[in-house]
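Right, one structure below, let's go through it.
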Amino acid sequence: MLPIVYWQNLKIRNTTLDKGVVVCFNIDKGGEIMGDRRCIKCKEAFPLSYFFVDKHSKDGYQARCIVCVMKARRNHNKDFELERLRRKRYYESHKENEKLRVKEWRKSQIKK
């Protein structure tokens, strides 16, 4: 069971993620989370304040909650970092070929 604390005269339930991010949810008198919208990723119901604004969607909010969006961003950043390291290793092992390739590309761009 998640710990319940009092904050600004509201009953709040805290959820902690991997990196120490704390997200608070309002709880009604029956102990249930009050929600106006359901996240399509985690299927939990949250108030609209737990969704990022998206002017392209019908109701103006993203379909995933802030928690799911932040988890996806962390995973994307990890993948990007691994890809960056892979490219760097490739460049270091094929430095001369890469320099020639870039040189040829630059020449072809000048002609345009």
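The values are calculated or read from the model by the stated rules, or taken from the named source; none is laboratory data. None of these values were measured; they are calculated from a predicted model. Note that each Cβ is placed from the backbone with ideal geometry, even for glycine, and that neighbours are counted across all protein chains shown.
Structural remarks
- So Val67, is it at negative phi, free of Cβ contacts under 8 Å to residues at least 60 places away in the same chain and surrounded by 14 or more Cβ atoms within 10 Å (Cβ to Cβ): yes
- Considering only residues in segment 70-81 that are exposed (fewer than 11 other Cβ atoms within 10 Å of the Cβ) and basic (Lys, Arg), the one that is farthest from Phe46 (Cα to Cα) turns out to be Lys78.
- Applying a threshold of 8 Å to beta carbon distances and a minimum spacing of six or more residues, or different chains, the list of pairs starting in segment 70-96 at a residue that is within 30 Å of Phe52 (Cβ to Cβ) and ending at one that is of a type in the set (Asp, Glu) reads Arg74/Asp18.
- Residue that is modelled with the lowest pLDDT [pool: residues in segment 35-64 that are surrounded by 14 or more Cβ atoms within 10 Å (Cβ to Cβ) and in contact with a Leu (Cβ under 8 Å, 6 or more places away or on another chain)]: Arg37
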